[in-house]
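Here it is, the structure in full.
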Amino acid sequence: MAIRKIVEIGDDKLRKQCKPVEKFDMRLRVLLKDMADTMYKANGVGLAAPQVGILRRVVVVDVGDGLIEMVNPEIIHTEGEQTGAEGCLSVPGRSGVVTRPNIVTVRYQDRDGVEYEATAEEFLARAFCHEIDHLDGTLYVDKMDREIFPGDEEYDTGDEEDEEE
Ligand code: NI
């Protein structure tokens, strides 16, 4: 188990376009394992490779239903809209209200390069969008409707949507 250092807002690495993964090798396996360990240690629900300083198109997500590893993920379809609270492990101590599609279909590869499609809704769809944004150098703060402050209705409601990605 290796916990990697999480890169925080202000670091250039969070603003780069990540490159596709071409080699499905041991190095990718180690990265995926370290990213999951780092996400769980930080009580996050998602983590993208640039958040640990690696500029490759790799994300991990677990909103409570098990770990999902996505290599070279691409959103191929969206439907509807949802507006809700969002945070990010790279933007510690802050959260904001972000509008996202309510349903998304993602095409991705697993650690062996096998291609899959997954359709998610609500919180999982939000997590997919948030993490895939990271691969293009986009943070939730770039698209939030407004910041949430202590004392606001949405602040610290204790539900899963307070968790950071
Ligand atoms: Ni994030």
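The values are calculated or read from the model by the stated rules, or taken from the named source; none is laboratory data. Just so it is clear, the structure is predicted and the values come from calculations on it, not from any experiment. All Cβ positions, glycine included, derive from the backbone under ideal geometry; neighbour counts span all protein chains shown. Ligands, DNA and RNA are stripped out before the accessible areas are found, and what is left, the full protein with its side chains, is counted by its heavy atoms. Shrake-Rupley method; radii C 1.70, N 1.55, O 1.52, S 1.80 Å.
Among the residues of the stretch 117-130, is any more than 22 Å from Y40 (Cα to Cα), modelled with pLDDT of 95 or more and in contact with a Pro (Cβ under 8 Å, 6 or more places away or on another chain)?
Checking the stretch 117-130: not a single residue is more than 22 Å from Y40 (Cα to Cα), modelled with pLDDT of 95 or more and in contact with a Pro (Cβ under 8 Å, 6 or more places away or on another chain).
A further question on this structure: State which residue is nearest to E147 (Cα to Cα) when the search covers only the stretch 78-136 and only residues that are open to solvent by 20 Å² or more (accessible area, probe 1.4 Å) and among the polar types (S, T, N, Q).
Here the residue is S95.
Can you report the number of residues in the stretch 127-145 which are away from the ligand (no atom under 11 Å from the Cβ) and of a type outside the set (A, V, I, L, M, F, W, C)?
Going through the stretch 127-145 one residue at a time, the tally reaches 5.
Mind counting the residues in the stretch 103-120 that are free of Cβ contacts under 8 Å to residues at least 24 places away in the same chain and within 15 Å of the chain's Cα centre (by Cα)?
Residues that pass the stated criteria total 1.
I'd like to check something: does the stretch 42-58 contain any residue that is among the charged types (D, E, K, R), surrounded by fewer than 19 Cβ atoms within 10 Å (Cβ to Cβ) and within 21 Å of K143 (Cα to Cα)?
Checked against the condition, which is being among the charged types (D, E, K, R), surrounded by fewer than 19 Cβ atoms within 10 Å (Cβ to Cβ) and within 21 Å of K143 (Cα to Cα), the stretch 42-58 yields no hits at all.
Could I ask something else about it? Go through E69, E153 for me and flag whichever is within 12 Å of the chain's Cα centre (by Cα) and away from the ligand (no atom under 16 Å from the Cβ). Give the derivation first.
Working: E153 fails: within 12 Å of the chain's Cα centre (by Cα).
Answer to the check: E69.
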